[in-house]
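The values are calculated or read from the model by the stated rules, or taken from the named source; none is laboratory data. Everything numeric here is computed off the predicted structure, so don't read it as measured data. As a convention, Cβ positions derive from the backbone with ideal geometry for all residues, glycine included, and neighbour counts pool all protein chains shown. These accessible areas exclude ligands, DNA and RNA; they are computed on the full protein's heavy atoms, side chains included. Shrake-Rupley method; radii C 1.70, N 1.55, O 1.52, S 1.80 Å.
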Amino acid sequence: MKLTTNAAMPATLVPEERRMEFFPGLFGRNLMLVGERAVFQFMSWLSPQDYTGGMWNFHELAGRPLFLSPATEKRFRITCETNGYQGVVSAEAAGLITTLFALSHLSFRHESDQLVEAYLRLYAFAGDHPEAGEIFKAID
């Protein structure tokens, strides 16, 4: 299934049979559980009024893990206490924001080229997202 279109290439949903490979591919084997938990915790912190758990979509770009997003069509109120951002974004943009937060946070705590590369790949992708303005305000 085709999702958000990046100027160079579209992000796609990870097929069910490859979902088990997603977290090790994004965060590395040693940090896959920590990374997964970080994304969900950042979502709870950034959108406490709207996020109550649930299923998540896994997105990839050219076969490489990219980000997670809540598997819903609803929009999320995002509030970031550290930079004053407040806005309402799609579930996909909310997932992009929380995955960027998680990758950044973990890259400061763990020396990992994989985390840095994943962050840079997702940051570049976010620049072509229809909600890029809101995404970059939220992570600033």
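With a Förster radius of 25 Å, plug the Cβ-Cβ distance of GLN49 and ASN83 into 1/(1 + (r/R0)^6) and report the FRET value to the nearest 0.05.
0.85
Over the range 1-110, what is the relative contact order in whole percent, taking alpha-carbon pairs under 8 Å and six or more residues apart?
23
If I histogram all Cα-Cα distances within the range 1-112 using bins 10 Å wide from 0, what percent of pairs lands in each bin?
Answer for the range 1-112: a P(r) of 14, 46, 35, 5 percent.
Roughly speaking, what is the centre-to-centre gap between the range 64-84 and the range 85-109 when only Cα atoms are used, to the nearest Å?
What the calculation gives is 6 Å, centre to centre.
Taking the full set of protein chains and a 1.4 angstrom probe, give the accessible area of HIS105 in square angstrom, rounded to the nearest 10.
HIS105 exposes around 70 Å² with every protein chain in place.
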